[in-house]
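Written out below as structure tokens is the structure these notes cover.
The values are calculated or read from the model by the stated rules, or taken from the named source; none is laboratory data. Values in this document were obtained by computation on a predicted structure and should not be read as measured data. Ideal geometry is used to build each Cβ from the backbone, glycine not excepted, and the neighbour counts take in all protein chains shown.
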Amino acid sequence: MRVLGIETSCDETAASVVEGRAILADVVHTQQIHVQFGGVVPEHAARAHTEKLVAVVRAALSEAGIERPDAVAATAGPGLIGAVLVGLCYGKALAAGWGVPFIGVNHLEGHLLSGLLEDPAPEFPFLALVVSGGHTTLYLARALGDYAVLAATVDDAAGEAYDKVARMLDLGYPGGPVVDRLAQGGDPTAVELPRPRATGLDWSFSGLKTAVRQVLQKTERPVVADVCASFQAAVVDVLLDRVVRAADETGVRTLALAGGVAANSELRRRAVALPGMTVVLPDRKRCTDNGAMIANAGRLHLEAGARDGLDLGARAGWQPA
Amino acid sequence: MRIETPEAMEALGRALGEAAPAGTVIALHGDLGAGKSVLARGIARGLGIGGRIPSPTFILVAEYTEGRLPLHHCDLYRLSDPDELVNLGLDEVLGGDGVVVVEWAERFPEILPADHLEVRIAIDGEARDVAIAGTGPVSQRLGSAVG
């Protein structure tokens, strides 16, 4: 079954075609970004989706060498309602026009199942760490459509902390890759930073960001590479600390990384070194929002017999369950 | 108002959330690390909303419906174009009967209703100086209820 997947829930306009675990096409049109106020600025985000989506879907079909897929999957939430609706409505219209099945996909489920596109793929049950600018959540994926949140951030997402630290250091945007690169030349023990804890397994990154700010205020000439390396060490420490605890609590020792921060070199290096754990790293291309993860999750549900009607609405706050 | 600890900041937010009438719009101002997220979490708690209140910087808007009134927690930091506010649905929630907390509202001050509460947090070492000012009768009443 060749499934077209459409993703428009936030900044990216993306479409992909998958057939089984093979990705036949994967097209992402990143919205024009501005280095303004040190952050990414999605210009006309939802309107730009409408302008770019037709071309992106055409490119995906052409790259896959097909005129029409056997089914269509589109992100139905969570996300900005106006942005989600663009891809969802277009996906439903395409499915209706082609007379093929349609399914709405949860964006976060797309991320947490994206390890299933890798080879070897994780087997259920597995832990999925979805870590990006908007989310930092550790899921227990028991089976397709059966997920539990084991830990999540109570304030900033890890990727957001990266961007804000990069902004404090005037490193530009996006902050994650720059901090990662500079950290490679720094001493991770040079700057003493806290390993903040929240209740239970939850994370808190806001205090870490504040601690970096205080260090920068107190230090006359901070060594940027050392600050980056120390910050990165603190982030990876707390991320993996909860993974290890969750693995001990659940007895599940397979971990799949997903989300933009899953491209971070230190997180990848230390995750695969976790003793007794099998770790699935996503292709770096598929860490940020993409259509393949939506096509993949859609395919799995479609193969399990699920279908959505054309009356399916967008759900801004939809959580995978 | 002098706020010495994050706990005190959350308590201030809680007082705001408990006293806020339907239709309240609260604009939060303050640098990175000033405590806007802590104050927003307090407001959520005051409205009777439990659980995690993560930062909406990347997702732009988060909605919570389980409290006394719906809470819309918005962050305009990543927006560049006022047209985007329509896609956020912000024009609708700003005129609605919930409570709206807007971070980085200074980027689009024109979208705030005439009567809204301005909360400015200034960093002073470990402590924070918080200035609360209403711009109309309803927000002034809320401001004096917690001030």
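Residues A:LEU113, A:LEU129, A:LEU138: which one is within 28 Å of A:ARG167 (Cα to Cα), buried (at least 24 other Cβ atoms within 10 Å of the Cβ) and more than 14 Å from chain B (Cβ to nearest Cβ)? Write out each step before concluding.
On the way: A:LEU113 fails: within 28 Å of A:ARG167 (Cα to Cα); A:LEU138 fails: more than 14 Å from chain B (Cβ to nearest Cβ).
Every option except A:LEU129 fails the conditions.
Out of B:ILE59, B:ILE132, B:ILE121, B:ILE111, which single residue is out of contact with any strand residue (DSSP E or B) (no Cβ under 6 Å at 6 or more places or on another chain) and within 20 Å of B:LEU39 (Cα to Cα)? If you could, list the steps in order and put the result at the bottom.
Details: B:ILE132 fails: out of contact with any strand residue (DSSP E or B) (no Cβ under 6 Å at 6 or more places or on another chain); B:ILE121 fails: out of contact with any strand residue (DSSP E or B) (no Cβ under 6 Å at 6 or more places or on another chain); B:ILE111 fails: within 20 Å of B:LEU39 (Cα to Cα).
So the residue among B:ILE59, B:ILE132, B:ILE121, B:ILE111 that is out of contact with any strand residue (DSSP E or B) (no Cβ under 6 Å at 6 or more places or on another chain) and within 20 Å of B:LEU39 (Cα to Cα) is B:ILE59.
Inside region A:69-110, can you point out the residues that are in contact with a helix residue (DSSP H, G or I) (Cβ under 7 Å, 6 or more places away or on another chain), away from every other protein chain (no Cβ under 14 Å) and either without any contact (Cβ under 8 Å) to a residue 60 or more places away in the chain or among the aliphatic types (A, V, I, L, M) (or both)? If you could, list the steps in order and put the result at the bottom.
As a first pass, look at region A:69-110 and keep what is in contact with a helix residue (DSSP H, G or I) (Cβ under 7 Å, 6 or more places away or on another chain): A:71-80, A:82-83, A:86-87, A:90, A:101-105, A:109-110.
Retained after the next criterion (residues that are away from every other protein chain (no Cβ under 14 Å)): A:71-74, A:76, A:90, A:101-105, A:109-110.
Of everything in region A:69-110, those that are in contact with a helix residue (DSSP H, G or I) (Cβ under 7 Å, 6 or more places away or on another chain), away from every other protein chain (no Cβ under 14 Å) and either without any contact (Cβ under 8 Å) to a residue 60 or more places away in the chain or among the aliphatic types (A, V, I, L, M) (or both) turn out to be A:ALA71, A:VAL72, A:ALA73, A:ALA74, A:ALA76, A:ILE103, A:VAL105.
When only residues in region A:141-160 that are in contact with a Ser or Thr (Cβ under 8 Å, 6 or more places away or on another chain) and not in a strand (DSSP E or B) count, which is farthest from the other protein chains (Cβ to nearest Cβ)?
Going residue by residue through region A:141-160, those that are in contact with a Ser or Thr (Cβ under 8 Å, 6 or more places away or on another chain) are A:149-160.
Checking the rest, the ones that are also not in a strand (DSSP E or B) come to A:154-160.
Numbers: A:VAL154: 5, A:ASP155: 5, A:ASP156: 5, A:ALA157: 6, A:ALA158: 11, A:GLY159: 7, A:GLU160: 5 Å.
Among those residues, the one meeting the criterion is A:ALA158.
Could you check region A:9-19 and list, in sequence order, the residues that are part of a loop (DSSP other than H, G, I, E, B), out of contact with any Lys or Arg (no Cβ under 9 Å at 6 or more places or on another chain) and either of a type outside the set (A, V, I, L, M, F, W, C) or over 14 Å from A:ALA76 (Cα atoms) (or both)?
In the first step, residues of region A:9-19 are kept if they are part of a loop (DSSP other than H, G, I, E, B); the result is A:9-11.
Keeping just the survivors that are out of contact with any Lys or Arg (no Cβ under 9 Å at 6 or more places or on another chain) gives A:9-10.
Passing the criteria: only A:SER9.
Please determine whether any residue of region B:16-24 is within 12 Å of another protein chain (Cβ to nearest Cβ) and in contact (Cβ under 8 Å) with a residue 24 or more places away in the chain.
Initially, region B:16-24 is screened for residues within 12 Å of another protein chain (Cβ to nearest Cβ), giving none.
Among the residues of region B:16-24, not one is within 12 Å of another protein chain (Cβ to nearest Cβ) and in contact (Cβ under 8 Å) with a residue 24 or more places away in the chain, which makes the answer no.
For the structure I just gave you, tell me whether A:ALA183 is buried (at least 24 other Cβ atoms within 10 Å of the Cβ), among the small types (Gly, Ala, Ser) and more than 12 Å from chain B (Cβ to nearest Cβ).
Details: buried (at least 24 other Cβ atoms within 10 Å of the Cβ): yes; among the small types (Gly, Ala, Ser): yes; more than 12 Å from chain B (Cβ to nearest Cβ): yes.
Spelling it out, A:ALA183 is indeed buried (at least 24 other Cβ atoms within 10 Å of the Cβ), among the small types (Gly, Ala, Ser) and more than 12 Å from chain B (Cβ to nearest Cβ).
Pairs only if they're at least six apart or on different chains, beta carbon under 8 angstrom, first in region B:58-87 and touching a residue at least 40 places away in the same chain (Cβ under 8 Å) and more than 11 Å from chain A (Cβ to nearest Cβ), second assigned to a loop (DSSP other than H, G, I, E, B) and among the aromatic types (Phe, Trp, Tyr); list them, first residue then second.
Listed pairs, sorted by first residue: none to list.
Report yes if A:GLN232 is at pLDDT 95 or above and either within 14 Å of chain B (Cβ to nearest Cβ) or not in a strand (DSSP E or B) (or both), otherwise no. Step through it out loud before you land on a result.
Numbers: at pLDDT 95 or above: yes; either within 14 Å of chain B (Cβ to nearest Cβ) or not in a strand (DSSP E or B) (or both): yes.
Spelling it out, A:GLN232 is indeed at pLDDT 95 or above and either within 14 Å of chain B (Cβ to nearest Cβ) or not in a strand (DSSP E or B) (or both).
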